[in-house]
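Reading through the structure tokens given below for one structure.
The values are calculated or read from the model by the stated rules, or taken from the named source; none is laboratory data. These numbers come from a predicted model, not from an experiment. For neighbour counting, all protein chains shown are included, and Cβ atoms are generated from backbone atoms with ideal geometry for every residue, glycine included.
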Amino acid sequence: MLSIKNLRENYSKGQLLEKDIPAHPVDLFDAWFQLSLSSAVKEPNAMVLSTVNAKNQPRSRVVLLKDYSKDGFVFYTNYESDKGVEIENNPNVCLNFLWLEMEKQVRIEGVATKVSEHESTEYFNSRPDGSKIGAIISNQSKPIMSREELNKRLSDFDITSPIVKPKHWGGYIIKPNVIEFWQGRANRLHDRIEYILVNDQWGFHRLQP
């Protein structure tokens with residue numbers, strides 16, 4: 001049986017050098033994300049979202065990125081879920097993308113705010129009906145007695161009525177102030193470039209691995 005202590009990979013698929021780095025981190029993120037789309041990465045828009053609850057306990061879960069620009073990174077959820085409540089109380093969050101197939105990782109620190117109701121409605125209406133209904137019938141993060149109860153809510157839903165976005169459902173945009181890019185390298189001497197926003201200007205430096 002292989003010991004966990006002996007599990008290791010030697011990374012050799014890329015490098016991240018200062019001479020190749022753009023002035024704005026989202027330009028580099030876009031280059032990496034586009035590469036992930038052509039590199040058979042499964043769910044390249046999956047990202048770990050970390051928040052902090054009222055007890056100062058960090059909590060993480062995987063959500064899906066639905067849009068990004070130099071304004072920030074967007075995802076959608078139930079505002080009354082655990083993560084929604086935690087963001088309401090403390091909007092400082094962290095995102096993490098791991099693309100193992102490319103030996104790349106991106107960590108994003110920033111502040112989350114709600115997107116407009118119009119933007120949330122527009123995205124909600126673009127979703128498959130099943131996803132819309134799921135957002136309506138599920139009180140996300142709240143306890144439920146059984147899977148059967150959830151299935152009954154689904155079967156009881158009136159599919160002949162208009163499927164309207166709930167008020168408690170919508171998007172967040174994370175406006176970044178720190179973005180770190182990690183490229184796996186041999187001998188654990190990985191490349192780490194950290195961008196920091198200061199006075200609305202991005203600068204970067206190399207971090208030791």
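For the range 159-186, what are the residues that are loosely packed, with under 14 Cβ neighbours inside 10 Å and among the small types (Gly, Ala, Ser)?
Within the range 159-186, SER161, ALA186 meet the criteria.
Could you list all residues from the range 34-70 that are closer than 20 Å to TYR172 by Cα and hydrophobic (A, V, I, L, M, F, W, C)? Step through it out loud before you land on a result.
Narrowing the range 34-70 to residues closer than 20 Å to TYR172 by Cα: 43-54, 58-70.
Hits for the range 34-70 are ALA46, MET47, VAL48, LEU49, VAL52, ALA54, VAL62, VAL63, LEU64, LEU65.
I want to confirm something. Restricting to the range 151-209 and keeping residues that are part of a strand (DSSP E or B) and touching a His at 6+ places or on another chain (Cβ under 7 Å), which single residue is nearest to HIS24 (Cα to Cα)?
Among them, the one singled out is TRP202.
Going by the structure shown, is ASN56 at positive phi and without any contact (Cβ under 8 Å) to a residue 60 or more places away in the chain? It would help to see each step written out before you state the result.
Details: at positive phi: yes; without any contact (Cβ under 8 Å) to a residue 60 or more places away in the chain: yes.
Yes, satisfied.
Among SER155, SER146, SER141, which is at pLDDT below 95 and either on the phi < 0 side of the Ramachandran plot or of a type in the set (Val, Ile, Thr) (or both)? Steps first, please.
Details: SER146 fails: at pLDDT below 95; SER141 fails: either on the phi < 0 side of the Ramachandran plot or of a type in the set (Val, Ile, Thr) (or both).
Answer to the check: SER155.
If I ask for residues that are without any contact (Cβ under 8 Å) to a residue 60 or more places away in the chain and surrounded by fewer than 19 Cβ atoms within 10 Å (Cβ to Cβ), which ones from the range 77-93 would you list?
Result: ASP82, VAL85, GLU88, ASN89, ASN90, PRO91, ASN92.
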